[in-house]
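What follows is a set of notes on a single structure, which appears directly below.
The values are calculated or read from the model by the stated rules, or taken from the named source; none is laboratory data. Note that this is a predicted model, so its numbers are computed, not measured. No Cβ is skipped: glycine too gets one built from the backbone with ideal geometry, and neighbour counts run over all protein chains shown. For the accessible areas, the whole protein counts, side chains as well, though only heavy atoms, and no ligand, DNA or RNA atoms are used. Shrake-Rupley method; radii C 1.70, N 1.55, O 1.52, S 1.80 Å.
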Amino acid sequence: MPLATQFLHCLLEINQFGRTEVIDNTLNPDFVRKFVLDFFFEEKQNLRFDVYNVDTRSSNLSKHDFLGQMFCTLGEIIGSPGGRLERTLSGIPGKKCGTIIFTAEELSNCRDIATMQFCANKLDKKDFFGKSDPFLVFYRSNEDGTFTICHKTEVIKNNLNPVWQPFTIPVRALCNGDYDRTVKVDVYDWDRDGSHDFIGEFTTSYRELSRGQSQFNVYEVKKMKTKKRQSATRNTFHFGHKTTKVPKIFSKTYFLLIVTQLNFTVAIDFTASNGNPSQPTSLHYMSPYQMNAYAMALKAVGEIIQDYDSDKLFPAYGFGAKLPPDGKISHAFPLNFNTENPNCVGIEGVLEAYFQSLRTVQLYGPTNFAPVINQVARSAAEVTDGSQYFVLLMITDGVISDMAQTKEAVVNVSIHINIMLFLLSSAMEELDGDEVRVSSRGRFAERDIVQFVPFRDYIDRSGNQVLSMARLAKDVLAEIPDQLLSFMKSRGIEPRPPLPITSDSPSVSTTTATNTCTTKHCNPHP
């Protein structure tokens, strides 16, 4: 198989967003160029990545060989453990197209720009004829201990004592604003066929590099395999700014990227006040032509929030129904009728279990919220390290029978979870803590955790369900990142270091800012 000259093409929705640089003669390209994207937790941001083998100098994609593509959402990358998503490429029938890997990192607000110049003495001679053709590759260390390429110097031909041209790089790209973060530098001898010879490496930090503005920094270049010292490399640097320590501020995006998985639970109202599911006037009406109000609300929110739940397993409950075979009334029954494991696989699994429950149970009453809230609270209370954040979506017609018990439950769980309450028909003010915090027996909820969503306000009169549900999901989910951050701050929880990634595949980079994301690396052929 011939070696490939490759680049990565990124599309956001249907518009071309950007292309990486072209990397010559490799089947395992590690792209330097990042894609910086605005990230919105509450929106579904569809992405498509295409990989091509370069055949001509043309910018027309049809002139190049298509190697594969991958579809995902930006939320899937952000929501993956450690902000790292690995997927197989597809698009060529009957052919394995390889693997593509993305990592996401929040961009800091650091605006510093560094200008640096490097030189080296007595590098190894790697070429049989002539001297080495050295160049440098710079890597930024990631939160999970891996490294991401951030700069390459030019190649200096036939020289063991090279002096590279000065280059300018944003400090944010070099170390994400953390002056003490490790920066790794590899030294290579360039080969035309792409099989560059490794000369050695050294590590440093931006703080250490910045001291070079008034003196030489000297590093010993070490060969990775033998740890044998190869030579000394001297570096000179020129900076146009004052070096200061950047304080570590943890943002809501950072928690989503590094440490926190959303634990999403669904609870659906099966009381008789919803109407007979066989009648078109019922909120549970099972029409063969369109989804009912419950299914629309569930799908609109679930399809977005599921991107931030890595295992895609969602506990799903019903309340207010008589269950077979004995007709016992339950206010917290698993939709899949598995009391040992109430999890459904993905939102489609929740919808399937919901429709099956409609065919099985008898709608009854009363409408008690407290049992299912307490059920979720018991699970949330077991997680105290911030590794999970619990969100309960309750969909109801708005009639409530156990208000006192529900207030008590809300006060008790306000330290653990968030509740999104979809009201499909009537209104409810007593649980709204926007003006006055919910209280019970003299105790007030620690946070305003109940968010009300009057479903009727989002019904598009023109019949455009897609548009109305997208607007609903955006408004509903917009508050969750802020709620997550306030919860972490109130508990004094800081992100734990993520588990190290054990993979032979090189990492890809996707850099995210509090509303931003970047992408790197593709391995099109295994």
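The listed peptides 191-201, 354-364, 56-66, 394-404, ordered by packing as a protection proxy, come out as 394-404, 354-364, 191-201, 56-66 (highest mean of other Cβ atoms within 10 Å first). Peptides 67-76, 115-124, 153-162, 312-321, ordered by how many other C-beta atoms sit within 10 Å of their residues on average, highest first, read 312-321, 67-76, 115-124, 153-162. When the residues 112, 186 are ordered by accessible surface, computed with a 1.4 Å probe over the protein chains alone, the sequence from largest down reads 112, 186. With a Förster radius of 56 Å applied to the C-beta separation of residue 465 and residue 33, the computed FRET efficiency comes to 0.90.
Normalised by the number of residues in the stretch 286-373, the mean separation of alpha-carbon contacts (under 8 Å, six or more apart) gives a relative contact order of 32 percent. Straightening the chain between residue 161 and residue 90 buys 21.0 nm, computed as 0.36 nm per residue apart minus the Cα-Cα spacing. With R₀ fixed at 56 Å, the C-beta to C-beta distance from residue 441 to residue 59 puts the FRET efficiency at about 0.20.
Looking at the square roots a ≥ b ≥ c of the eigenvalues of the Cα gyration tensor of the stretch 29-170, which shape do they give, rounded for a/c under 1.5, prolate if a/b is larger than b/c, or oblate? Since a/c reaches 1.5 but b/c is at least a/b, the shape of the stretch 29-170 is classed as oblate. Would any residue of the stretch 50-75 have its amide N under 19 Å from a label point 7 Å out along Cα→Cβ of residue 152? List them or say none. Of the residues in the stretch 50-75, 51-58 have backbone N under 19 Å from the label point off residue 152. Label points 7 Å out from Cα along the Cβ direction at residue 115 and residue 478: separation in nm? Each label point lies 7 Å from its Cα, and together they span 4.4 nm. For the cross-link pairs 322/407; 131/222; 44/322; 63/125; 126/184, which exceed 29 Å when the distance is taken from alpha carbon to alpha carbon? Check vs 29 Å cut-off fails for 44/322; 63/125. Across the stretch 264-281, coupling constants 3J(HN,Hα) worked out from phi with the 6.51/-1.76/1.60 Karplus curve, θ = phi - 60°, read 9, 10, 10, 9, 10, 6, 10, 8, 5, 5, 6, x, 5, x, 7, 9, x, 7 Hz, and Gly and Pro carry x.
Taking R0 as 30 Å, what's the FRET efficiency between residue 341 and residue 486 from their Cβ-Cβ distance, rounded to 0.05? My answer for the efficiency is 0.40. Peptides 374-385, 95-106 ordered by packing proxy, namely the average of other Cβ atoms within 10 Å per residue, highest first: 95-106, 374-385. Taking the stretch 65-84 and a reference point 7 angstrom along Cα→Cβ of residue 46, the backbone N atoms nearer than 13 Å belong to 71-74. Between residue 362 and residue 180, residue separation times 0.36 nm minus the direct Cα-Cα distance comes to 59.3 nm. Remark on residue 292: its backbone amide H falls under 5 Å from those of 287, a criterion applied only to residues 5 or more positions apart or on other chains, H modelled at 1.01 Å from N. Here residue 157 is the anchor, and the aspartates and glutamates within straight C-alpha reach of less than 13 Å, apart from those fewer than 8 places off in the same chain, are 127, 133, 189, 191. Amide H to amide H distances under 5 Å link residue 317 with 266, 267, 268, 335, where only residues 5 or more positions off or on other chains count and H is placed in the peptide plane.
Straight-line reach from residue 328: taking Cα to Cα under 18 Å and skipping same-chain neighbours fewer than 8 places apart, the aspartates and glutamates in range are 269. A simple spin-label model places pseudo-atoms 7 Å from Cα toward Cβ; at residue 205 and residue 289 they are separated by 6.7 nm.
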